[in-house]
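Please treat every number below as a calculation from the coordinates, not as lab data. Since the model is a prediction, treat every value here as computed from it, not as a measurement. Ideal geometry is used to build each Cβ from the backbone, glycine not excepted, and the neighbour counts take in all protein chains shown.
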Amino acid sequence: MERLNLSKLIFALLSLILLCGCWDIKAINERSLPLVMGISKKNDEKYQVTLTLPVTRVKGKTRIITEKGESVSEVLGQLRSNVEDAIDYSQIRLILIDAPLAANHLEWRKMFHYLMSSKDIPSIALVAITDENIEQMFSKMSKQGLSGTALYDFFNKGAGWAPDVSNTRIWEVYQNLFSYTNDIAVPVVHSSEDTILKFKGSAVLKNGKVTANISPSENQLVRLFQHHHFIRNTENLGFATIFVVNSHLKNKPSITNHIPQVASDLFIKISILERDEGVSNSLVIDELEKRIEKRFNDMFKQTQINKTDIFGFGQLFRTRIPYDDLHSWRDKYYPKLIVNFRVHATME
Amino acid sequence: MANLVQEMKRTFADHDDFLILDTQFNGAAIYLIGFNTLIDFPKSNFYVRQMAERSASIEELLQNLGEQLDVDAGELKKAVLDGNLVVISENERNAIMQPFPQSLRRNIDEPRNESPIQGPLDAFGEDIDLNIGLIRKRLGTELLCHCSYQVGELVKQRISMLYIRGKVQSALIEKIDRQLKQIERDIETIDDLDKYFGHRKLSPVSHLFVTEVPFQAVHLLKKNRIVLLLENQPFALVFPHLISDMLSTANDRNHPLGLSIMIRTLRVMGVFITLVLPALYVALTTVNPDVLKIDLALFIAESREGIPLTPVLETLTMTVLVDLITEAIVRLPKSVGPTITMVGGIVLGQAMVEAKLVSNLLVIVITLMLIASSVVVGVQNALYIRSLKYPVFILASVFGIVGLISGLAIICIYLASLTSLGIPYMTFRYKGKEDIR
């Protein structure tokens, strides 16, 4: 009798374990894994979501599906029921957003609230903005042989290879919606005839509002301040071409009489690739220092007018300004901010 | 003829190999009694005759020959069964003598189940005395103690316990001594003996670690362990069995330290891979593909395209099939084994992939797992690691990565719970004396 009870107990426990598991699962080859999601909103007030799905039956082939609906979540649900395989959104790498939609402040906030809270879409997916028609762009991209890593690689070349290309993830955009002191640059891309994408610069966002567009070379400075990335690139000074080997940034914030001040020193190590005859080292160094300082100062002035803290200087003052006053960083403090930016170049 | 001889003849009437050889000594008959399958009669007879020439009387002859003189009939029968030669004279005097035995033992051979590289090549044989000798030869110290037991119901079997005095706690020796003396049934296998060290009916882990190599046994003796030897079994049983036995052998240290660390790390990896790999494959292809990087996910999806079986069924089929092949190769005679290996390899590797029954990634996974499971020390250990992969696999197929991790945790908890006579299986530094309470 005791033996029977024991075996019954074991059977019950086993079925408890086995039956509460994930039975409603799809094997990996029964799932469709979309890589890129395009979101646009035409004049008809409906969201249009476009997905690229790699076709696993044929190597290197992708297909594009589009659907319209009242909201992004509704469209994603519709796509799920229409496509023959189970769509697994967990592998989405890039979300391309139509420029008109990005310009709409309220829609932008709503969309990122959804993208962030959605459990399916990974919050580490990259975000980019484009001016072009998304469907056409996707078909061009798939002609170039869009594979899984191509897009990820495009945005993650590393500072040593392409210091001007930046990447922004969903969670960073979401964070920016609420940040008092930090603004963000979202890359702007175009399609191209011979490469998958073309980098056009960045759109600067202030709490989800596009305030300016910056060029790739300006983007490089933004990256330097925001992420402390090294600049490693070549610079043509007209009479000489130099190569920046290494760079290092030091910021010293201080605040006196409600006027914030930052002493910012950029140390760079350069080597001269070619130069005209008779050009001395010191001339090259002087010219380079002036150039970078001017580039920064011009850009900084522009952002102060826009009240957009794209360099993230506000982050340095988070502990120096009372918390109740932080929300007025952009309006009250930032226009008064004095940045003493100096470049110190040395020869390698 | 003497009564005693008649009685012996009656007792062994059913044994055709029972032989009574009568010879003459000074006009009186003496009988040499024994089994001709155990005793080399012509040689023994020659020896008795030589002794007879030197002896003056029957009494003196029996004294010269025998180890025991004038014992009762019961002991004589036992002596005959043990393979001794019984000498009985006409006037009912008797003696038990050590005869020239038939050679029923193989010589010292190379180990069959372990293959030491760069190490001594002799292995234990079936003869228990020879085995003890092999250990004594390596450990010429008076501290090496040897206790002998005769246990069993049908046949009395010899069991020997060896340890180094001062290294093993005497309480532990007393405990084992008590356990061994309790044995009433026949001890044929390791499992029979295992039962006397505590109840572990369904456990895959034995209380005793098996080694064929005297070098290893001596090394473990020096490491405060106890070695048991069973008669007619060509290996030593080391008590307690610890997890480190699976990962290291004495022979490793014939290499430089760095290399031996590398070898042991590989074994740890092997254990880990065997337990994890099939489960990981199933977890990643069914439950949690989202943790994969996209190109890996697409690669796996492509390799599984058009395969009708679900990953769980596919992996289960392959693991069982591989375990079947392993078992079959062990059973088969050496001349047929390679054929099965070859056909099995072709059928499994080539045909199943080409027929799109299993994905080629799975074939890689299974091959890796099979290779990894063979790196651990000891056939017994390899077998139990192979058996433990199934629970992990089942949990992973139901719960994915969570199941895999909890399966590994359960195995860790289970192994940590094992003790033999109070010594935990998971002891990493077994200190002997201080270790046991």
Within segment B:145-254, DSSP-loop GluC sites (Glu not before Pro) with at most 16 other C-beta atoms within 10 Å are B:Glu153, B:Glu184, B:Glu188
Taking chymotrypsin sites (Phe, Trp or Tyr not before Pro) as candidate sites, keep only those in a DSSP loop with at most 15 other Cβ atoms within 10 Å, then name the longest stretch of chain A containing none of them.
-> A:24-160
To the nearest 0.05, how large is the calculated FRET efficiency for A:Ser282 and A:Ser192 if R₀ is 45 Å and r is the Cβ-Cβ distance?
-> 0.65
Find which of B:Ser417, B:Val320, B:Ile405 sits farthest along the positive direction of the dipole of chain B, computed with +1 on the beta-carbon of Lys and Arg, -1 on that of Asp and Glu, about the Cα centre.
-> B:Ile405
Applying 1/(1 + (r/R0)^6) with R0 = 56 Å to the Cβ-Cβ distance of A:Ile259 and B:Val291, what FRET efficiency is obtained, to the nearest 0.05?
-> 0.65
What is the antiparallel percent of DSSP beta bridges lying wholly in segment A:230-347, to the nearest 5?
-> 65
List the GluC sites (Glu not before Pro) within segment A:172-218 that fall in a DSSP loop (any state other than H, G, I, E or B) and whose Cβ has at most 16 other Cβ atoms within 10 Å.
-> A:Glu193
Aspartates and glutamates with Cα under 12 Å of B:Lys77, excluding same-chain neighbours fewer than 8 positions away = B:Glu7
Measure out, as a whole number of angstrom, how far apart the alpha-carbon centroids of segment A:171-213 and segment B:143-186 sit.
-> 79
Just report the Cα centroid separation between segment B:336-351 and segment B:282-326, whole Å.
-> 22
Relative to the first principal axis of the alpha-carbon coordinates of chain B, what is the inclination of helix B:257-282, with its axis defined by its Cα atoms, in degrees from 0 to 90 and to the nearest 10?
-> 60
What is the order of A:Arg291, B:Arg93, fewest Cβ neighbours within 10 Å to most?
-> A:Arg291, B:Arg93
For the residue pair A:Ser328 and B:Leu368, what label-to-label distance in nm results when each label sits 7 Å from Cα along the Cα-to-beta-carbon direction?
-> 6.1
What is segment B:255-420 by shape, rounded, prolate or oblate, if you read a ≥ b ≥ c off the alpha carbon gyration tensor as root eigenvalues and call it rounded for a/c under 1.5, prolate for a/b larger than b/c, and oblate otherwise?
-> oblate
Footprinting proxy, A:Thr303, B:Thr326, A:Thr130: sorted fewest to most Cβ within 10 Å, the residues are B:Thr326, A:Thr130, A:Thr303
In whole µm²/s, the translational diffusion coefficient that Stokes-Einstein assigns to segment A:1-108, given a Kirkwood hydrodynamic radius over C-alpha pairs, 37 °C and 0.692 mPa s, equals 193
Of all DSSP beta bridges having both residues in the protein assembly as shown, the percent classed as antiparallel (nearest 5) is 80
Residues B:Cys147, B:Cys412 arranged by fewest to most Cβ contacts within 10 Å | B:Cys412, B:Cys147
Would you work out which of A:Gly77, B:Ser148, B:Ser373 lies farthest towards the positive end of the dipole of the protein assembly as shown? Charges go on Cβ: Lys and Arg +1, Asp and Glu -1.
-> A:Gly77
For helix B:379-399, what angle does its Cα long axis make with the longest principal axis of chain B, in degrees from 0 to 90 and rounded to 10?
-> 30
Cut-off 10 Å between beta-carbons: net charge of the residues surrounding A:Val189, Lys and Arg +1, Asp and Glu -1 = 0
Sequence order, segment B:145-159: Karplus ³J(HN,Hα) from phi using 6.51 cos²θ - 1.76 cosθ + 1.60, θ = phi - 60°, Hz rounded, Gly and Pro as x, gives 9, 9, 10, 10, 10, 10, 10, x, 9, 7, 10, 7, 10, 8, 10
Dipole magnitude of chain B, debye to nearest 20 (Cβ charges: Lys/Arg +1, Asp/Glu -1, about Cα centre) | 1660
Go through segment B:338-437 and name the chymotrypsin sites (Phe, Trp or Tyr not before Pro) that are in a DSSP coil and have 13 or fewer other Cβ atoms within 10 Å of their Cβ.
-> B:Phe428
Rounded to a whole number, the mean other protein chain Cβ count within 10 angstrom for residues of B:298-309 is 5
Among A:Leu273, A:Thr346, A:Gln304, which residue has its Cα positioned farthest towards the positive end of the charge dipole of segment A:230-347, with +1 placed on the Cβ of Lys and Arg, -1 on the Cβ of Asp and Glu, and the dipole taken about the Cα centre?
-> A:Gln304
May I ask which of B:Lys78/B:Lys156; A:Lys119/A:Lys157; A:Lys110/A:Lys206; A:Lys206/A:Lys336; A:Lys119/A:Lys200 have a Cα-Cα span longer than 20 Å here?
-> A:Lys119/A:Lys157; A:Lys119/A:Lys200
Cα gyration tensor of the protein assembly as shown, axes a ≥ b ≥ c as square roots of the eigenvalues: rounded (a/c below 1.5), prolate (a/b > b/c) or oblate?
-> prolate
Efficiency of FRET from Cβ geometry, B:Glu53 and B:Lys78, R₀ 30 Å, rounded to 0.05 = 0.50
Specify the inter-centroid distance of segment B:70-125 and segment A:224-275, based on alpha-carbon positions, in whole Å.
-> 91
